[in-house]
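Note sheet for the following structure.
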Amino acid sequence: MARVRKAVLPVAGLGTRVLPATKTIPKELLTVVDRPILSYVVEEARQAGIEHLVFVTGRAKGAIEDYFDHQVELEDQLRAKGKTAMLEELLAELPKPGEMSFVRQMAPLGLGHAVWCARDLIGDEPFAVMLPDMIMDATPGALAQAIEAHEQTGGANIVVVEPCPEGQAHQYGIVALDGQDGRLNRMTGMVEKPPKGTEPSNLFISGRYVLNASIFDALAHHEKGAGGEIQLTDAMARLMKTEPFHALEYAGTTYDCGDKVGLLRANVAMALKRPDLAEAARAAITPLLS
Ligand code: G1P
């Protein structure tokens, strides 16, 4: 079975739920404590053994490419001032030459189309998809759990899911299961943004996938689905007729950072987890809540 070495990160989205901040800042670079959201997701990918990241970008997303490059003047300044710990932290995050690729989605045609844009860079091997506005806090990481499930099922497609907050299923992709026994279950269907009251379960697709390259044939139809967009969920449902899909309810906590309250929650949670900040953060936040 081929190892999962590559991940696709669709970063072309406009981030309208967090306007006006996203007017000039890509939503993936909004800050959680002192790091961009994307930095948490890239760390999760690396911990899962991913060797190559394919970013599907769009207009006004150039800052993402710059983030993963040297900032020569800044590095010189830090070096000159002896701020070596900070410098080392910055350098540790940089990819080695050739470990990242950027491909442009030239029109916002949907998540399925964004993933399809990466087809030549992925080639014929299983790969991961990571929705980069989701910070998934887990040990081992959510993607590592999904890759393990992919191996455990002998190479099945894996979709990470979790229980949907009451009344919100119509905003997500929702899966149907062939019975539920433990965290990893065979899927029988999935639907993108089901109308209220028609959802087949309360489990939503939360942002990590391990897919076989055959998904690109399913995506090549360019069929429009929910919201007039080319949906990854529809292509997966098509592929499910010929290949097994499993839903993995991962063990961890998800922060939807593409949402105002989700971003705030991620900031508070990540600050409270940081040994260097937890005490000061708690002291600053607690009085605000009383
Ligand atoms: C996308 C997916 C959906 C998934 C969601 C998670 O939807 O199409 O299946 O549940 O991400 O955030 P979007 O948020 O782009 O509408």
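Read the figures in this text as sums done on the coordinates, not as results from a lab. Treat the numbers as computed from the prediction; the structure is a model and nothing was measured. Reconstructed Cβ throughout: ideal geometry from the backbone, glycine too, with neighbour counts over all protein chains shown.
Relative contact order for the range 92-233: 33 percent, from Cα pairs under 8 Å spaced at least 6 residues apart, divided by residue count. Largest GNM mean-square fluctuation across Asp137, Asp69, Asp256, computed for the chain with C-alpha springs under 10 Å, falls on Asp69.
Between Thr253 and Ala284, the distance separating the two model label sites (each 7 Å from Cα on the Cα→Cβ line) works out to 1.8 nm.
Cβ crowding within 10 Å, taken as a proxy for footprinting-reagent exposure, orders Arg17, Arg208 from fewest neighbours to most as Arg17, Arg208. For Ser206, the amide hydrogen comes within under 5 Å of the amide hydrogens of Val160, Val161, Glu162, counting only partners 5 or more places away or on other chains and with H modelled in the peptide plane. Computed on the chain, with alpha-carbon pairs under 8 angstrom and 6+ residues apart, the relative contact order is 23 percent. A simple rule links phi to the HN-Hα coupling: the Karplus curve 6.51 cos²θ - 1.76 cosθ + 1.60 with θ = phi - 60°, which for the range 44-54 gives 4, 5, 5, 5, 8, x, 6, 9, 9, 10, 10 Hz, with x for Gly and Pro.
Full extension of the chain segment joining Leu14 with Glu223 gains 73.1 nm, where the gain is 0.36 nm per residue of separation less the Cα-Cα distance. In terms of surrounding Cβ atoms within a 10 Å radius of their Cβ, Met106, Met1 rank from fewest to most as Met1, Met106. Dipole magnitude for the range 43-136: computed about the Cα centre from +1 point charges on Lys and Arg Cβ and -1 point charges on Asp and Glu Cβ, it is near 260 debye.
Cβ crowding within 10 Å ranks Leu211, Leu277 as Leu277, Leu211, fewest other Cβ atoms first. Residue by residue, the range 161-178 carries 3J(HN,Hα) couplings of 10, 7, x, 8, x, 2, x, 10, 4, 5, 9, 10, x, 10, 9, 10, 10, 8 Hz when phi is fed to the Karplus relation 6.51 cos²θ - 1.76 cosθ + 1.60 (θ = phi - 60°); x denotes Gly or Pro.
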